[in-house]
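What follows is a short report on a single structure.
The values are calculated or read from the model by the stated rules, or taken from the named source; none is laboratory data. Computed from a predicted structure; not experimentally measured. With ideal geometry, Cβ positions are generated from the backbone for all residues, glycine too; neighbour counts draw on all protein chains shown.
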Amino acid sequence: MDRQQEFVLRTIEERDIRFVRLWFTDVLGTLKSVAIAPAELEGAFAEGIGFDGSAIEGFTRVYEADMLAKPDPSTFQVLPWRGERPGTARMFCDITLPDGNPALADARYVLRRTLSRAADMGFSFYTHPEIEFFLLKSGSGAPEPVDQGGYFDHVPKGTAHDFRRAAITMLEQVGISVEFSHHEGAPGQNEIDLRYADALSTADNIMTFRTVIKEVALEQGIYATFMPKVFADHPGSGMHTHMSLFEGDSNAFYEPGAPYSLSKTGRQFIAGLLTHGREFTLITNQWVNSYKRLWGGGEAPAHLTWGHNNRSAMVRVPMYKPNKANSSRVEVRTLDAACNPYLAFSVMLAAGLKGIEEGYDLPAETEDDVWQLTDRERRAMGIKPLPASLSEAIDAMESSELVAQTLGEHVFDFVLRNKKQEWEDYRRQVTPFELERLLPRL
């Protein structure tokens, strides 16, 4: 038994932990949980806890259902919202088959595999997400925001004000460091930014973050949602993600004297993101509702462009901070907060690494507000669009060798099948728009 496992067992005894929740995600990024008694934990570390993989979205078929959840002791945290005594803790799990091999449907393994490929090239991958969400008065019926605040508004005695304070306190109690928090541009919309961390830790933190946000909201009698586009007339919620590659302790994106202090490696990484951006959009924006955010204005990016201070671009290169080489990074602005973060980080990293491996050339920077250009102007400038619907995103990914290799055949095929069914279900709906627009006149 290693030191981390010993620390977990000792902490459980000292803090009177009676329930240990083992967490993992399905392919769509939904959190799954099974609670075990502390007495079972040594066995779980050694052999894993068996479960029926065929009952989990995208995991496996009925005739090969047996799987094992093996807890990762480095992710151990006591859950503050479950009360002090007796306590409840959680660990994220890696999913394996009975023979000990990784389960191909485990999103955490997909990210581990991609990070290993980056390590073979000498890189470690760090990410920093800015997570947006809405606070609503209720989770049912017509959505109603908890306030009418706007960007950076300080709402005296506001629900969101108290909510953010309680949420950040709870996040810090589970070891998640928060950098900023504020009211966002739409009524009821908030943003909390997590500190930079390695991509695997960040993905785990995002899964915990979404759980904490929903728990705190329920405690306060309101509802939190990460749905990409809740209100037609207000901006949607995204997860702008800053990312950088390091070679040891050195930021591979930094080059003194270069434009924006961005190195050749950084430029090739961006070129990879733009070249393969259409192909991986189904992973970073996986819901039919996602495309109403991307194509609904409100500074959401809808085209494969990059820029320095251009918030209509898919990729932004933030201002370099003098004497802080490690601050060089790129910001991808397309992601939804409702994505599977393990898969999203995997495909974006793979695209960036492809740009470095193949020496992709970075196209010219887009300084214009892309939304203000006409279609003809965009075509003349060589600006290509992101998929405009879930259907387009499916078509773009279906022919992508890069995404297929990154996700593996099992996950790749499941996502395509699942999303085709979602699109078919959506297309069959008769919407309020059609009834209001057409019923009175036809």
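Check the range 204-220 and report whether any residue there is over 24 Å from ARG311 (Cβ atoms), in contact with a Pro (Cβ under 6 Å, 6 or more places away or on another chain), assigned by TED's automatic domain parsing to the domain that holds HIS242 and crowded, with 19+ Cβ neighbours inside 10 Å.
No, the conditions are met nowhere in the range 204-220.
Pairs needed: first member in the range 247-270, outside the structural domain of GLY359 (by TED's automatic domain parsing) and more than 18 Å from THR127 (Cβ to Cβ); second member anywhere, surrounded by 14 or more Cβ atoms within 10 Å (Cβ to Cβ) and of a type in the set (Lys, Arg); C-beta distance under 7 Å; at least 6 residues apart or different chains.
That search, which allows pairs on different chains as well, returns nothing.
Among the residues of the range 96-119, what is the count of those that are more than 22 Å from GLU409 (Cα to Cα) and either modelled with pLDDT under 95 or not small (Gly, Ala, Ser) (or both)?
Of all residues in the range 96-119, those more than 22 Å from GLU409 (Cα to Cα) come to 119.
Applying the additional criterion that residues be either modelled with pLDDT under 95 or not small (Gly, Ala, Ser) (or both) yields none.
Summing the residues that are more than 22 Å from GLU409 (Cα to Cα) and either modelled with pLDDT under 95 or not small (Gly, Ala, Ser) (or both) in the range 96-119 gives 0.
In the range 256-300, what residues are of a type in the set (S, T, N, Q), out of contact with any Cys (no Cβ under 8 Å at 6 or more places or on another chain), part of a helix (DSSP H, G or I) and under 21 Å from SER391 (Cα atoms)? Spell out how you get there, then give the answer.
First, pick out the residues of the range 256-300 that are of a type in the set (S, T, N, Q): 261, 263, 265, 268, 275, 281, 284-286, 289-290.
Applying the additional criterion that residues be out of contact with any Cys (no Cβ under 8 Å at 6 or more places or on another chain) yields 261, 263, 265, 268, 275, 281, 289-290.
Subset that is part of a helix (DSSP H, G or I): 261, 265, 268, 275, 281, 290.
Listed by number, the residues that qualify are THR275, THR281, SER290.
With touching a Leu at 6+ places or on another chain (Cβ under 7 Å), closer than 20 Å to SER346 by Cβ and not hydrophobic (A, V, I, L, M, F, W, C) as the only criterion, which of HIS242, HIS276 stands out?
Working: HIS242 fails: touching a Leu at 6+ places or on another chain (Cβ under 7 Å).
The unique qualifying residue is HIS276.
Of the residues that make up the range 348-370, is at least one in a helix (DSSP H, G or I) and farther than 28 Å from MET121 by Cα?
Step one: filter the range 348-370 for residues in a helix (DSSP H, G or I), giving 348-358, 370.
Retained after the next criterion (residues that are farther than 28 Å from MET121 by Cα): 370.
Scanning the range 348-370 turns up at least one residue that is in a helix (DSSP H, G or I) and farther than 28 Å from MET121 by Cα.
Select from the range 167-183 the residues that are in contact (Cβ under 8 Å) with a residue 60 or more places away in the chain and surrounded by fewer than 15 Cβ atoms within 10 Å (Cβ to Cβ) and list them in ascending order. Lay out the reasoning, then the answer.
Going residue by residue through the range 167-183, those that are in contact (Cβ under 8 Å) with a residue 60 or more places away in the chain are 170, 173-175.
Hits for the range 167-183 are GLN173, GLY175.
With ASP193, ASP233 as the choices, which residue is outside any loop (DSSP other than H, G, I, E, B) and of a type in the set (D, E, K, R)? Spell out how you get there, then give the answer.
Values: ASP233 fails: outside any loop (DSSP other than H, G, I, E, B).
Checking each option against the conditions leaves just ASP193.
Does the range 412-433 include one or more residues that are aromatic (Phe, Trp, Tyr), assigned to a loop (DSSP other than H, G, I, E, B) and crowded, with 19+ Cβ neighbours inside 10 Å? Reasoning before the result, please.
Here is the first cut: in the range 412-433, the ones aromatic (Phe, Trp, Tyr) are 412, 414, 423, 426, 433.
Now narrow it down to the ones that are assigned to a loop (DSSP other than H, G, I, E, B): none.
No, every residue in the range 412-433 fails to be aromatic (Phe, Trp, Tyr), assigned to a loop (DSSP other than H, G, I, E, B) and crowded, with 19+ Cβ neighbours inside 10 Å.
Name the strands (runs of 3 or more DSSP E) wholly within the range 30-85 that hold at least 1 residues that are within 30 Å of ASP16 (Cβ to Cβ), at pLDDT 75 or above and among the charged types (D, E, K, R)? Write out each step before concluding.
On the way: elements: 31-36, 49-52, 66-71.
Correct list: 31-36, 66-71.
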